[in-house]
Amino acid sequence: MDVDALARDLAQRFLGYDIVAPPFPAYYAAWAKRDLAQIPPDQRTALRADALPIESVEQMEHRVAGDLDAYLYRAEPGGSALLLGVRSERIAYVAFCAGLYSVVEPYQDYTFAQLAMFALTVRAEADNVRFSGVWGGGGEATRVNVDVERAWYEALDEPGLRALYARCETIARDAALLLGDGSAAAPVLAFYEPQTGAEITMGAGRPNLIAEVALS
């Protein structure tokens, strides 16, 4: 796979809002279709017409996380940032931020984390998982936060809980590798009640913890 050529193609498609068909994975195309539906058709047409041709993509970083290769690119003109996660020569994760590098020269680690968080969140939504962050490092197991309604979680029987953990497992392991301390150690799933808008705005701590599950 020519990853640089793929990155260039994806960056051009992002700028032209051509993001609802291959080579984008099915889960991303479905998310993008819902997102684009919120933009009036005439505005989408104008945005596509204004898209500049990509002149270059520069690979800023390459991280190997288990069997996942994650690449961060800078696309010109415009200084856009693209994150591409590849597993078994297929796109596993993708995220794009137009003009990120042209607004302010960001710290590279922050740029990678920002795009990785968005890519992981969209991927999790495809499995009806509300991924909400990663904590850990310093020799401790990485905690991967998932938001669920307490009453719904506590009503699940054993098969239902196993099914929920299975839905979370791949995204949790990838999140721990990409956003944790880089350790391949098994992460811990931490299920929390969702935060309200007021709690987030006021900077309150996480709502009540419901359960913790260590992945083997």
Complete set of residues in the stretch 24-65 that are open to solvent by less than 60 Å² (accessible area, probe 1.4 Å), over 14 Å from Asp4 (Cβ atoms), touching a residue at least 40 places away in the same chain (Cβ under 8 Å) and not in a helix (DSSP H, G or I): Phe24, Pro25, Ala65
One residue from Leu83, Leu72 being out of contact with any Asp or Glu (no Cβ under 8 Å at 6 or more places or on another chain), of a type outside the set (D, E, K, R), surrounded by 13 or more Cβ atoms within 10 Å (Cβ to Cβ) and not in a loop (DSSP other than H, G, I, E, B): Leu83
For the stretch 1-46: of the residues being at pLDDT below 90 and among the hydroxyl-bearing types (Ser, Thr, Tyr), which is farthest from Gly85 (Cα to Cα)? Thr45
(1) among the β-branched types (Val, Ile, Thr); (2) at pLDDT below 90; (3) under 24 Å from Thr170 (Cα atoms) all hold for Val94 apart from (2)
For the stretch 149-158, state whether one or more residues are part of a helix (DSSP H, G or I), modelled with pLDDT of 80 or more, touching a Phe, Trp or Tyr at 6+ places or on another chain (Cβ under 7 Å) and aliphatic (A, V, I, L, M). no
Could you check Pro106 against (1) modelled with pLDDT under 90; (2) open to solvent by 40 Å² or more (accessible area, probe 1.4 Å) and say which number it fails? (2)
Checklist (1) within 23 Å of Pro187 (Cβ to Cβ); (2) modelled with pLDDT under 90 applied to Tyr101, failing item: (1)
I'm trying to understand the selection: among the residues of the stretch 145-183, which are open to solvent by less than 70 Å² (accessible area, probe 1.4 Å), over 19 Å from Val64 (Cα atoms) and not charged (D, E, K, R)? Asn145, Val146, Val148, Tyr153, Leu156, Gly160, Leu161, Ala163, Leu164, Tyr165, Ala166, Cys168
Determine if the stretch 127-135 includes at least one residue that is open to solvent by 80 Å² or more (accessible area, probe 1.4 Å) and not charged (D, E, K, R). yes
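The values are calculated or read from the model by the stated rules, or taken from the named source; none is laboratory data. All values reported here derive from a predicted model rather than from experimental measurement. Virtual Cβ from ideal backbone geometry, glycine too; neighbours counted across all protein chains shown. Quick note on the areas: whole protein, heavy atoms, side chains included, nothing else; ligands and nucleic acids left out. Shrake-Rupley method; radii C 1.70, N 1.55, O 1.52, S 1.80 Å.
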